[in-house]
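Following: one structure in structure tokens, then a few remarks.
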Amino acid sequence: MKPTLQSIFRESFETFSRTRRLSQHHRKAAQSIIECRTAALGGHVQRCPDRHVEGVWYNSCGHRSCPQCSHLPKERWLEKQRARLLACDHFHVIFTIARELHQLWWLNTRLMTEFLFHSARDTLFELLQDNRHLGAVPGVVISLHTWGRTLSFHPHVHCLVTGGGISPRGEWISVSNGYLLPVEVVRIIFRGKFLDAIGKALKQGRLILPEGMTEQKLKNLLNKLGRKKWNICIRERYSHGSGVVTYLARYVKGGPISNQRLSSDSDGVTFRYRDHRDGKLKTLSLTSEEFLQRVLWHVPERGMQVIRHYGLYGRHGQGLREKCRSQLGQPPEQMPVVLAWQAYWEKTGHPEKARCSVCGQLLIRVGRVPRGGAPPEVVYGQAA
């Protein structure tokens, strides 16, 4: 059978966990993935109104690192973001921290995450509100990713940025020079802000230092990194923001790897990835233990906010967005009705998962299966 993340965790996690000290949020993620859509979580009975078919649909775990049950939450998030987008150009900006800071990140994950979000946000707003560049408040969505294509540890943020903004006089101003910002200036400002945040935290005694690293050694490292070229990328202009938002939606829920990328390997786990250096599709084989370790690297701590909205796209930005919409000739913003699971399956071309195979009526919920309880005989089958 083709492997899934769930089957790999079921077969290998117990052995893997015996030899490692794992945090509670790692164990919670593993348990959720293992139990997702099984009798352990209970479920409900769906039935045709005319009783042609009936079956049990087991409950989803809802964990954001589980790829099995992430499709509907992703689509709901995506619909909400699309409704919020302004009808203007958008840019995709990527901020990556220096590799030499990875050890510090491991020991100070929450703090370093805040530094990364704040440094990226402040860099964009400081420059775009400057009259030498745009002179206006933009809309920004920032998403944290900690993995590379091979599930390596690679903390960075993806930013969706409007190609324009609202000026202090309440007027919409569009980016007019063909590019968002000069990348070298962005690199220098971001690097300075991130290193300054670390330096202040060190002075305040808020950092846990790696073994063998003294305060002076860290100061020396920060000075060295202040002269290094950091990886900052500003992608080409998009005529709308939907494409970038669709890209970000892949990382809202579901973790760093989908089941579709996994393939059979009797000795471990093999998965596909696209090499960014030559654009070719390749495979990587790991032992089950190495694979689980890489997946768990990227499970965020409980309560950690990995996608944030600022400026025109911020929580309190709707009034400003309405001003922009009026000037852009766009209708008023309307949040979509929450997408029902039946509507999701029909939208994605699988109406048979939501309707009776005999008469075509929508299935209805008629009963509940308790956690761990013995379900009735399945006639219709599980949800996908």
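General remarks:
- Failed item in (1) over 18 Å from LEU111 (Cβ atoms); (2) at pLDDT 95 or above; (3) open to solvent by less than 80 Å² (accessible area, probe 1.4 Å); (4) not hydrophobic (A, V, I, L, M, F, W, C), with GLY178 passing the rest: (2)
- Among the conditions (1) open to solvent by less than 40 Å² (accessible area, probe 1.4 Å); (2) out of contact with any Pro (no Cβ under 7 Å at 6 or more places or on another chain); (3) more than 13 Å from HIS92 (Cβ to Cβ), the only one that VAL141 does not satisfy is (3).
- When region 17-69 is filtered for residues that are open to solvent by less than 30 Å² (accessible area, probe 1.4 Å) and under 13 Å from GLY255 (Cβ atoms), the ones remaining, listed by number, are ALA29, ALA30, SER32, ILE33, CYS36, SER65, CYS66, PRO67, CYS69.
- Residue in region 2-16 that is farthest from HIS298 (Cα to Cα), counting only those that are in contact (Cβ under 8 Å) with a residue 40 or more places away in the chain and open to solvent by 40 Å² or more (accessible area, probe 1.4 Å): LYS2
- Highlighted here are the helices (runs of 4 or more DSSP H) found entirely within region 201-304 that include at least 1 residues which are touching a Phe, Trp or Tyr at 6+ places or on another chain (Cβ under 8 Å): 242-249, 288-297.
Residue-wise test of (1) of a type outside the set (S, T, N, Q); (2) over 20 Å from LEU207 (Cα atoms); (3) surrounded by fewer than 19 Cβ atoms within 10 Å (Cβ to Cβ).
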{"position": "LYS80", "(1), (2), (3)": "yes, yes, yes"}
{"position": "PHE95", "(1), (2), (3)": "yes, yes, no"}
{"position": "GLU114", "(1), (2), (3)": "yes, no, yes"}
{"position": "LEU124", "(1), (2), (3)": "yes, yes, no"}
{"position": "HIS133", "(1), (2), (3)": "yes, yes, yes"}
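- Qualifying residue in region 190-199 (condition: in a strand (DSSP E or B), open to solvent by 10 Å² or more (accessible area, probe 1.4 Å) and touching a residue at least 12 places away in the same chain (Cβ under 8 Å)): no
- Looking only at residues in region 24-59 that are in a loop (DSSP other than H, G, I, E, B) and free of Cβ contacts under 8 Å to residues at least 60 places away in the same chain, the one that is nearest to ILE364 (Cα to Cα) is ARG51.
- Among the conditions (1) of a type in the set (D, E, K, R); (2) over 30 Å from ARG325 (Cβ atoms); (3) in contact (Cβ under 8 Å) with a residue 60 or more places away in the chain, the only one that ASP89 does not satisfy is (2).
- Candidate set: region 44-99, residues that are more than 14 Å from the chain's Cα centre (by Cα) and of a type in the set (Asp, Glu); chosen: the one nearest to CYS233 (Cα to Cα): ASP89
The values are calculated or read from the model by the stated rules, or taken from the named source; none is laboratory data. Just so we're clear, the structure is a prediction, and the values are computed from it rather than from any experiment. Virtual Cβ from ideal backbone geometry, glycine too; neighbours counted across all protein chains shown. All accessible areas refer to the heavy atoms of the entire protein, side chains included, with ligands and DNA or RNA removed. Shrake-Rupley method; radii C 1.70, N 1.55, O 1.52, S 1.80 Å.
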